[in-house]
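In what follows, a single structure is set out as structure tokens and then discussed.
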Amino acid sequence: MIFICSSQGLILLDSMHLNKKLLYLLIGKILLLSITALSCNQKAEVPYVEPYNAIGDDEDEEEEEEEEEEETTARTFKILALGDSYTIGQSVCTSCRFPEQLKDSLINNFNDQDTFSLEIIAQTGWTTTNLKSAIASTNLPSDFDLVTLLIGVNNQYQNKPFSLYETEFIELVDTAIALVGGESSRLIVVSIPDYAYTPFGQNTNPETISAALETYNNYAQDYCTANGLSYVYITDITQEGLNNPDLVATDNLHPSTLAYTKFVKRILPFAIEKIE
């Protein structure tokens, strides 16, 4: 008799009834079962994984927060409008004149945190000489972010020598540039409206008016082009005044709120580009 020890207990074999081949096969099977049982009782190795490093992500988050803070930092923009009745908005409400509409449009195109202030140096009837004197008597700072200049119609209306406009227009341009810290790119010159296309103008030799104002506007435009200054032409809008009476104010002479809105649509892209 043969006793074999395995994980399943003692197994009794009768060597008399088994040949050697069968005996060897049986012993091999028992050994294999024993090895398998032992391997099942061993714990599997767990692969090592490095702890998650959140430092890099924290730095990225901090950078993003800093960028957001920079983007939302409140800014203050100062606008200066120089001119005459077309700038002060004769016969329209205070918020209807083009400098006010321009300011409101800029507010709508910038961040809520940004603020805009507007100062207007203008009065009905002013010539280039009057505007020069008014600026000289006003203690204006030189830190404006944007300045507009619309002047000349009263030089024509009051029959001032054209040579006076040629001289004083350039002087006013230089003064306006000085008020934006010497940065000529922050100046916008606006063309003179054509009041010949109003009920008032129709009673006072409209052809002569239009021809004279064209001379004024051509001079201003040529000067701006030669010196790399921004010039916005709005005269054609006012020349629709007879076809569209809504473009004329109730005084039958000056532009209406609607006309000023059309002015601003042309001025606004220049203004945004200059102060961004």
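The values are calculated or read from the model by the stated rules, or taken from the named source; none is laboratory data. This is a predicted model, so every value here is computed, not measured. Neighbour counts run over all protein chains shown; Cβ positions are idealised from the backbone, glycine included.
Pairing each residue of region 155-168 that is within 17 Å of THR204 (Cα to Cα) with any residue that is surrounded by fewer than 19 Cβ atoms within 10 Å (Cβ to Cβ), provided the two are 6+ apart or on different chains, yields C-beta distances under 7 Å for ASN155/LEU164. When ASN139, ASN109 are screened for being at pLDDT below 95 and closer than 18 Å to LYS78 by Cβ, only ASN139 passes.
Scanning region 236-276 for residues that are among the hydroxyl-bearing types (Ser, Thr, Tyr) and either under 18 Å from PRO99 (Cβ atoms) or free of Cβ contacts under 8 Å to residues at least 12 places away in the same chain (or both) returns THR238, SER256, THR257, TYR260, THR261. The set of residues in region 222-234 being buried (at least 17 other Cβ atoms within 10 Å of the Cβ) and in a helix (DSSP H, G or I) consists of CYS224 alone. Count of region 131-154 residues, restricted to those that are free of Cβ contacts under 8 Å to residues at least 60 places away in the same chain and either touching a helix residue (DSSP H, G or I) at 6+ places or on another chain (Cβ under 8 Å) or outside the structural domain of GLY201 (by TED's automatic domain parsing) (or both), is 4. Looking only at residues of region 163-182 that are of a type in the set (Gly, Ala, Ser) and over 16 Å from TYR231 (Cβ atoms), we find that the one that is surrounded by the most Cβ atoms within 10 Å (Cβ to Cβ) is ALA178. For region 158-187, the set of residues classified as among the charged types (D, E, K, R), over 29 Å from the mean Cα position of the chain (by Cα) and assigned to a helix (DSSP H, G or I) consists of GLU166, GLU168, GLU171, listed by residue number.
For region 102-130, filtering for residues that are in contact with a Leu (Cβ under 9 Å, 6 or more places away or on another chain) and either assigned to a helix (DSSP H, G or I) or not assigned by TED's automatic domain parsing to the domain that holds GLU166 (or both) leaves 7.
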